[in-house]
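Everything below concerns the one structure shown next.
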């Protein structure tokens, strides 16, 4: 969405383009478009589709004319989260490595206790 806004699409044009080109998103986009038509703000229109933190970031951005920038930042953050999730799912031993780094540092003891089944 941010890329479409950056190249000159209006919000409604960007939503229409997304609905036309990504069939998996069509029903959600139609819901957003209907709420916009009914007079809701963009942030209110997507409130049920995003987490609370993203909603509040979008609400503030909308009020201060920064919607395009915040949408770009949220998209970047989501891509990074997805990349990290994929990386972690390929390496099931990764959490154990993190646990080793958080050994009992209060007692300068490097032993780590793992629960037994």
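Here are some notes:
- Cβ separations smaller than 8 Å between residues 6+ apart or across chains give the following pairs from segment 1-18 residues that are more than 18 Å from residue 79 (Cβ to Cβ) to residues that are modelled with pLDDT of 90 or more and not in a helix (DSSP H, G or I): 17/9.
- Filter result (modelled with pLDDT of 85 or more and more than 15 Å from the chain's Cα centre (by Cα)) within segment 62-102: 62, 63, 64, 65, 66
- Residue among 21, 116 that alone is more than 20 Å from the chain's Cα centre (by Cα), modelled with pLDDT of 90 or more, exposed (fewer than 11 other Cβ atoms within 10 Å of the Cβ) and at negative phi: 21
- In segment 26-51, the residues that are surrounded by fewer than 16 Cβ atoms within 10 Å (Cβ to Cβ) and farther than 19 Å from residue 64 by Cβ: 26, 27, 30, 31, 34, 37, 38, 39, 48, 49, 51
The values are calculated or read from the model by the stated rules, or taken from the named source; none is laboratory data. Everything numeric in this text was worked out from a predicted model, so none of it was measured. Ideal geometry is used to build each Cβ from the backbone, glycine not excepted, and the neighbour counts take in all protein chains shown.
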